[in-house]
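Please read the structure below before turning to the comments.
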Amino acid sequence: MVRPEVTGRKVIGDQTFVVFTIAEFCRAHRISQSMYFKLRALGLGPREMMVGTRKLISLEAAADWRKAREAAA
């Protein structure tokens with residue numbers, strides 16, 4: 001098996017993130033991107049921040065989103 005630093009692939013589980021892209025957030029929380037956009041349309045998605053033209057999700061926003069989803073369950 002080739003190491004990620006050789007192939008350039010990102011390893012989600014072994015890295016410490018300060019922010020997530022939408023794709024990274026979905027992989028980390030094991031939801032599809034279509035489910036993410038459905039939740040966002042319903043007002044149930046995490047807070048997003050714009051950095052240039054990119055939408056990013058902070059670790060704090062992700063933690064708050066998880067707490068809100070747990071409370072709603």
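The values are calculated or read from the model by the stated rules, or taken from the named source; none is laboratory data. Note that the coordinates shown come from a computational prediction; the quantities given were computed from them, not determined experimentally. For neighbour counting, all protein chains shown are included, and Cβ atoms are generated from backbone atoms with ideal geometry for every residue, glycine included. Heads up: the accessible areas ignore ligands, DNA and RNA and are worked out on the full protein's heavy atoms, side chains in. Shrake-Rupley method; radii C 1.70, N 1.55, O 1.52, S 1.80 Å.
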Would you please name the residue that is least open to solvent (accessible area, probe 1.4 Å), looking only at residues in the range 55-71 that are over 15 Å from residue 36 (Cβ atoms) and touching a residue at least 12 places away in the same chain (Cβ under 8 Å)?
58
Among the candidates 48, 24, residue that is touching a residue at least 12 places away in the same chain (Cβ under 8 Å), touching a strand residue (DSSP E or B) at 6+ places or on another chain (Cβ under 6 Å) and open to solvent by less than 70 Å² (accessible area, probe 1.4 Å):
48
